[in-house]
Amino acid sequence: MNDRYLKTGIFLAPFHALAENPLLALDRDMELLIHLDRLNYHEAWIGEHHSGGFEIIACPELFIAAAAERTRHIRLGTGVVSLPYHNPFTVAGRLMQLDYMTRGRAMFGVGPGSLIYDAVKMGLEAKDQRRKLDEALDVIVELMQGGMVTRKTDWFDLREARLQLKSYSQPMMEMAVASSRSPVGALAAGRHGIGMLSIGGTSDEALKAHASNWGIYEESARSNGKSPDRRKWRIVTFAHVAATREQARTDVKFGLDDFKRYFSEVATFPIIPPDITSDPAEYLVASGLACIGTPEDCVRHFERLWQGSQGGFGGVLLLAHNWADWPATKTSYELMARYVHPHFQRNANELRDWSYVDAKSKYGSAGAESQAAVQAAIARHQARRR
């Protein structure tokens, strides 16, 4: 990928401290999407969670429908719908409707379900979730392409099932599969030639796993007659930036302890391991999981992701975390849009830089000629007045 253009966006679980008013928290999530739309972020992926008390959006489609009425450009994806929780026929119908209601701005992200407490409450066995992801995804892709499906498993029975609408987005609604450390998501995404969302962290070890999974994606795609395209690959990371590193570290003291507690006591993926007793911000930066610093630090962080991908990828998504208070959070996203994104979007200021340097090189001669022309005009005017 020599012509580098990284799409930018967020992955909104969302994470909200238990003491916070949930209505205001959801309102702020919506305001964040409006803010990102104005700043020209490309995408926002909204999660589905039903327990744990911290990630409080249960139906991303509802949130996306409301956000589509309040934004103009940003694309809105389910990040992700946990397919084992739903009948594949009805979930495909809901997303097809959303494709129409958003005029093609909606995207359909899927996964097996990562919050184990949700599965427990529904009587699902963890060992069955990845199998059920594959079974449902095979059906959904066929339905989204206008096909008729008759298929029976131990958890759904479809009989001549076919959607009522053809896809608004052509040739089909954009889809992606969440992929962590296991190859399951990569295999499923490659089989259908759809996108992959790498969500297992961005430490050196995690980047190697992501690159390995992309290799698995390519093999799966080719073996199923699909053409792998790195532009369909998105990597999720953490970042918070401010004018100085010191300010960024101060900002994240607002909510980082609540975030650490949730991932130490409830969420089964320990982003910050329980035995880390030092400054969690220092651990996140040192491990490569996050950038907490200046826009220049964030440029280096994104460059590291690019190099770690071993060939490039299509989009970088920031896992929205609420480590900082609301004003500092908005400032962080704005600083990234102003000073980080241009580096990764075909060097957006390259021609401006050339034009500036070109003008600077001619400053002496052109400036002197301009001054001489002005003085000559003044002299002619004075001569006519004599």
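Only one of the listed residues (323, 306) is surrounded by 22 or more Cβ atoms within 10 Å (Cβ to Cβ) and aromatic (Phe, Trp, Tyr). That residue is 323. I'd like the full set of residues that are among the aromatic types (Phe, Trp, Tyr), in a helix (DSSP H, G or I) and under 23 Å from residue 279 (Cα atoms), limited to segment 319-343. Correct list: 326 only. Out of (1) assigned to a strand (DSSP E or B); (2) buried (at least 24 other Cβ atoms within 10 Å of the Cβ), what's the single condition that is false for residue 217? For residue 217, the failing item is (1).
Within segment 348-374, the set of residues being in a helix (DSSP H, G or I), aliphatic (A, V, I, L, M) and modelled with pLDDT of 85 or more comprises 351, 357, 359.
Scanning segment 10-54 for residues that are on the phi > 0 side of the Ramachandran plot and either under 20 Å from the mean Cα position of the chain (by Cα) or crowded, with 23+ Cβ neighbours inside 10 Å (or both) turns up just one, 40.
Do we find a residue being closer than 30 Å to residue 148 by Cβ, surrounded by fewer than 16 Cβ atoms within 10 Å (Cβ to Cβ) and aliphatic (A, V, I, L, M) anywhere in segment 56-66?
The first filter runs over segment 56-66 and keeps only residues closer than 30 Å to residue 148 by Cβ, leaving 59-62, 64-65.
Keeping just the survivors that are surrounded by fewer than 16 Cβ atoms within 10 Å (Cβ to Cβ) gives 59, 62.
Still in the list and also aliphatic (A, V, I, L, M): 62.
Checking segment 56-66: at least one residue is closer than 30 Å to residue 148 by Cβ, surrounded by fewer than 16 Cβ atoms within 10 Å (Cβ to Cβ) and aliphatic (A, V, I, L, M).
When every residue of segment 270-281 is checked against the conditions, none turns out to be buried (at least 18 other Cβ atoms within 10 Å of the Cβ), in contact with a helix residue (DSSP H, G or I) (Cβ under 8 Å, 6 or more places away or on another chain) and over 30 Å from residue 116 (Cα atoms). Against the criterion of being modelled with pLDDT under 95 and within 14 Å of residue 177 (Cα to Cα), residue 114 qualifies. The criterion of being within 14 Å of residue 319 (Cα to Cα), surrounded by 15 or more Cβ atoms within 10 Å (Cβ to Cβ), of a type in the set (A, V, I, L, M) and in contact with a Ser or Thr (Cβ under 6 Å, 6 or more places away or on another chain) holds for residue 241.
From the list 285, 316, 236, which one is on the phi < 0 side of the Ramachandran plot, at pLDDT 95 or above, of a type in the set (A, V, I, L, M, F, W, C) and part of a helix (DSSP H, G or I)?
285
Considered as a group, the residues in segment 343-372 that are loosely packed, with under 10 Cβ neighbours inside 10 Å and of a type in the set (Gly, Ala, Ser) include one that is farthest from residue 299 (Cα to Cα), and that residue is 365.
Of the residues that make up segment 256-265, is at least one in a loop (DSSP other than H, G, I, E, B), touching a Leu at 6+ places or on another chain (Cβ under 9 Å) and at pLDDT 95 or above? No, segment 256-265 has no match at all.
Which of the residues belonging to segment 288-311 are part of a helix (DSSP H, G or I) and either among the charged types (D, E, K, R) or farther than 12 Å from residue 245 by Cβ (or both)? Full working, then the answer.
Going through segment 288-311, the residues part of a helix (DSSP H, G or I) turn out to be 295-308.
Within segment 288-311, 296, 297, 299, 300, 301, 302, 303, 304, 305, 306, 307, 308 qualify.
The values are calculated or read from the model by the stated rules, or taken from the named source; none is laboratory data. Note that this is a predicted model, so its numbers are computed, not measured. Here Cβ is always computed from backbone atoms with ideal geometry, including for glycine, and neighbour counts include all displayed protein chains.
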